Amino acid sequence: MKQYYYLTPDRKQEGPVPEAELRSLLAAGVVTPNTLVACAGMSAWLPLSTILSPTPLGPFQQTGAPRYTAMSCWGYIVSCITEKYAVFSGRATRKEYWSYQFFMVIPSAIFGFFWGWAQAGSSSSLVLSLLILTLLGVLALCIPSWAVTVRRLHDCNQSGWLALLQLIPYVGCLVVAIICLQDSHRGTNQYGPSEKYPV
């Protein structure tokens, strides 16, 4: 019987467990259909849904080159603001990081719009209320933004403390962005296993 390993939301490897136990963990909500799993002979981590489906997708034989099955951009965004809201440990791929950063443009643009409206001399209490609500929303989304940045730095085999460079105007953000453009560090590092290059 095959024994599977799975990655927790903070990218820690658990297992081995048999398929029946994986199904039990799924039913209990410990793992989700998007939880990455692998077993001996697989060349990549795959979502649990592909393992438990009647016709599994993806490579189940050793092919030499690792193949990466990523979530959709929206899946990463939802993951960052729900299950990984303030998770500063583990690793985040380029796709996860940049999906969330591009998503942050939307609430920031809405805040900018209402700020401009308020500055234009409109003293409406509705404008002020919307401005305050939008500002609170942007501030709430800053926590997962910092968390995914730290995880992305970990994925590049860098210290998460480098995220503090973003506090330096212009130059700091540019340095962090350049680091975050790098590909994932292969294999396991001190921050956990690589989702993209597990071996």
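The values are calculated or read from the model by the stated rules, or taken from the named source; none is laboratory data. Being a predicted model, the structure only gives us computed values, none of them experimental. Areas reflect the complete protein model, heavy atoms only, side chains present, ligands, DNA and RNA absent. Shrake-Rupley method; radii C 1.70, N 1.55, O 1.52, S 1.80 Å.
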Any helix of the chain counts here only if DSSP assigns it H throughout, its Cα atoms span 30 Å or more along the axis, and its mean Kyte-Doolittle hydropathy is at least 1.0, and such helices are 125-155
On the accessible surface of region 135-199, probed at 1.4 Å with all protein chains in place, carbon and sulfur together account for a percent value of 72 percent
With the convex hull built on the alpha-carbon atoms of region 75-191, volume per residue in Å³ sits at 103 Å³
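Can you tell me the accessible area per residue over region 82-144, all protein chains present, probe 1.4 angstrom, in square angstrom?
57 Å²
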Checked against the structure, the computed Rg and Dmax of the Cα atoms in Å among (i) 18.0, 54; (ii) 16.7, 55; (iii) 20.0, 71 is the one labelled (iii)
On the accessible surface of region 1-51, probed at 1.4 Å with all protein chains in place, carbon and sulfur together account for a percent value of 55 percent
Length gained if Leu52 through Leu165 is fully extended, taking 0.36 nm per residue and subtracting the Cα-Cα distance, is 36.4 nm
